[in-house]
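The structure appears below as structure tokens.
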Amino acid sequence: MKLQGEKTQEFFDRGKKVIPYGVNSNFRYWGDEDTIVINRGEGAYVWDMDGKRYIDYRLGFGPVILGHAYPEVVTGVQEALQGGNIFAWTTPYEISVAERITRMCNVDKVRLTNTGTEATMHALRIARAHTGREKFIKFEGQYHGMADYFMFSTASSYRGGLGSRRSPIPLANTSGIPKAINHYVLTVLYNDFEGLERKVKDNWGDLAAIIVEPMLGNSASIMPQPGFLEKIRELCDEYGIVMIFDEVKTGFRIAKGGAQEYFGVQADLATYAKSMGNGFPIAAIAGKEEVMMTIEPGAMAHGGTYSGNVVGAAAAEATLEILENQPILETIKARGKALMAGIGDVLTEASLPHVVTGVPSMFGIFLGSDEEPRDFRDYLAGDGELYEEISIGLNRRGIQPDADGREPWFLCYALSEEDVAETLNAFNDAVKEAKDK
Ligand SMILES: Cc1ncc(COP(=O)(O)O)c(C=O)c1O
């Protein structure tokens, strides 16, 4: 498609000489002509090195809940930084953030980390230490970060390799994972009540945790079937397994209290990152007293030089203060509802079978069928190529969802009604163009 203008390409080529593929996260590589270099962001927009403006629906893969360079957050961080960033001691910022999270998410205790990967990795260790067991269940199509244990049956589109629906095979997503790790990972299809129950009954004596993205934030925002999260809760209670909600994408986005509040199900542990700091590197593991207190100096390790550093903690304090006290999520919801409905109308008018999945603050577009997808395999059976075609057309027109339809459309508070209207116009044109191809 050649998204790069002249200057953007110049920077990309320069970067590629010293950074593998020119990116610091593989997900950012869209090919040698379409990987952009960003000059700056403000509100709902980003600009590339050529000055091309995009309405941003990727928002750094979700974190920018308020908008880029949101003044109160920037000021909060700047002011805090005047007093230094790191001390090998606790700061008041960390305490305030933990207090706020306990209040907003109905949890007892919080430990801060820097990234979602660190949070899920430590959550799994807590679950193992708490139960004395070593294996865990994850669901196909769910992503929990880059740690070896979780890189199974996620972004892979090698449908054949996933095995039968009845006995799914954990499929490593990358080279570089020791074979032995496979032994600890059990996969289940999302929304498969019967498969989950069977897997738990057959393995409970070895099961430390069931980790779940409460909605599939890494597979087009597929929603849980009524009762599915409750079923996980019930099985975890019955068999003494730690239930982990990976709320890295849903936390502070789909409700103030995240998915636990939205779905009315309380996990034992929850992991947060992204929206927590409006894009600054800050994350958390939070949960019930008796599980969190498994962390114990000299007994169960959790740590990190940068955990709770002032930049991240001050960003979280500023962001969460706003999210807790202002009608931010209500505004995002209204814009998202209009966008979801408008996108649905365009696709209906174009006679394209579709389902707009998820919730207004993070939704997905499933093409190729009118039947709601229930799991990752349903998603893979959809028309991903058409989605990519439409997405490319949108990017050309200055509207930027991810090219990969698994990644939801993320909305921020700065997105205006005019931005929504501009997006829907472009969507209409991009659909027509893709259909005519
Ligand atoms: C649900 C979920 N968990 C964990 C992670 C990993 O977070 P990070 O990229 O901050 O390590 C992600 C990242 O997208 C995610 O979506």
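Would you work out if the chain is rounded, prolate or oblate? Take a ≥ b ≥ c from the square roots of the eigenvalues of the alpha-carbon gyration tensor; rounded if a/c is under 1.5, else prolate when a/b is larger than b/c, oblate otherwise. Note, shape of the chain comes out oblate. Among Glu140, Glu238, Glu197, the residue with the largest mean-square fluctuation in a Gaussian network model of the chain, with springs joining Cα atoms closer than 10 Å, is Glu238. If I take R0 = 60 Å and measure r between the Cβ atoms of Ile169 and Leu81 in this structure, what FRET efficiency does the formula 1/(1 + (r/R0)^6) give, to the nearest 0.05? Calculated value: 0.80. Annotation note: trypsin sites (Lys or Arg not before Pro) in segment 68-168 located in DSSP loop regions with a Cβ neighbour count of at most 10 within 10 Å are Arg166. Among the chymotrypsin sites (Phe, Trp or Tyr not before Pro) found in segment 96-161, those both in a DSSP coil and sparsely packed, with 13 or fewer other Cβ atoms within 10 Å of their Cβ, are Tyr158. Taking label points 7 Å from Cα along the Cα-to-Cβ direction, Glu72 and Asp32 give a separation of 4.7 nm.
If both residues of a DSSP beta bridge must be in the chain, then about 65% of such bridges are antiparallel. Available extension along the chain between Thr90 and Glu330 is 83.0 nm, counting 0.36 nm per residue and deducting the alpha carbon span.
Using the Cβ-Cβ distance between Glu42 and Ala301 with R0 = 45 Å, the FRET efficiency computed as 1/(1 + (r/R0)^6) comes to roughly 0.65. Most tightly packed first, judged by the mean number of other beta-carbon atoms within 10 Å of their residues, the peptides 287-300, 33-46, 205-218 read 205-218, 33-46, 287-300. Label-to-label distance, Glu433 versus Asn203, with points set 7 angstrom from Cα along the beta-carbon direction: 4.5 nm. Based on C-alpha pairs under 8 angstrom that are at least 6 apart in sequence, the chain has a relative contact order of 21 percent. Bridge orientation summary for segment 71-325: considering DSSP beta bridges with both residues in this region, about 50 percent are antiparallel. Taken along the Cα-to-beta-carbon direction at a fixed 7 Å, the label points for Ala381 and Lys2 span 4.0 nm.
We did not get these values from a lab; they are worked out from the coordinates using the rules stated. All figures in this text were calculated on a predicted structure; none of them were measured in a lab. Counting neighbours? That spans all protein chains shown, and the Cβs are built from the backbone with ideal geometry, glycine included.
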